[in-house]
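Some notes on the structure that comes next.
The values are calculated or read from the model by the stated rules, or taken from the named source; none is laboratory data. None of the values given here were measured: they were computed from a predicted structure. Cβ atoms come from the backbone with ideal geometry, glycine included; neighbour counts cover every protein chain shown. Just the protein is used for accessible areas: all its heavy atoms, side chains included, with ligands, DNA and RNA removed. Shrake-Rupley method; radii C 1.70, N 1.55, O 1.52, S 1.80 Å.
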Amino acid sequence: MGGIDRLISNALLFEIKKKMDLELLHKVERELFLEHGMSIKLSIEHFQKFTSVLKKNSSLDVSKFERDCLDKIIRIKESNEKYFVTIINPILSDSILELFGEYDSRCIITTLLDKEYTIPQILKESKAPKTSGYRKIENMMINGLIVETGKVLSESKKISKLQCVFQEINLDIKKGKTVVNGIIPKKIMEESSSVKSILRTLE
């Protein structure tokens, strides 16, 4: 799991379940549990496992199936070592908008748009309250908007460096519709197992 996998996992799972035949869905769920000890939901964050099980248990063109599902969620274009993305899934767009509506969360996100920091550094730079700031950072990590990019040594302990998956982000809000446009760095995007079928078409 890495990159934007966790960010889009819930939306991608919804599209997969909507598009997949019920009998095949149950078969894939069973095989994922038997082979990897994981639910289909968890497998979306470890997408190569989902893909391998689907290939073994269906005659689908798996790459096309994946692209069709992803096309309902995200559009990706590559230029100058960066990926320009548009999130078109309304639930995912609204969840990102909701985070930007809260002042401290917005400060945390903007602090991490093009920099990597440890949690103490994030709280210092963003001026977010310590107790609620920790909680908000954890929530954004759970939802995939912030990812771990490495470890640093601090007082003889290794602690995580974090970064927002977006380098730039723009919220296009119209009546009844929110579209998120952004730039995702090459390193973060190419760590994402769930969008490899799209990235291959851009090469």
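Just a few scattered comments:
- Subset of segment 39-54 (residues that are open to solvent by 20 Å² or more (accessible area, probe 1.4 Å) and aliphatic (A, V, I, L, M)): LEU42
- Some residue of segment 46-65 being assigned to a helix (DSSP H, G or I), touching a Leu at 6+ places or on another chain (Cβ under 8 Å) and under 27 Å from VAL179 (Cα atoms): yes
- Residues located in segment 11-30, provided they are crowded, with 19+ Cβ neighbours inside 10 Å and either over 21 Å from ASP94 (Cα atoms) or of a type in the set (S, T, N, Q) (or both): MET20, VAL28
- The residue list LYS27, LYS41 contains one member that is within 23 Å of VAL165 (Cβ to Cβ), in a helix (DSSP H, G or I) and among the basic types (Lys, Arg), which is LYS41.
- Selection within segment 103-134 - in a loop (DSSP other than H, G, I, E, B), open to solvent by 60 Å² or more (accessible area, probe 1.4 Å) and out of contact with any Ser or Thr (no Cβ under 8 Å at 6 or more places or on another chain): ASP114, LYS115, LYS127, PRO129
- Restricting attention to segment 1-24, the residues that are part of a helix (DSSP H, G or I) and farther than 30 Å from GLY150 by Cβ total 9.
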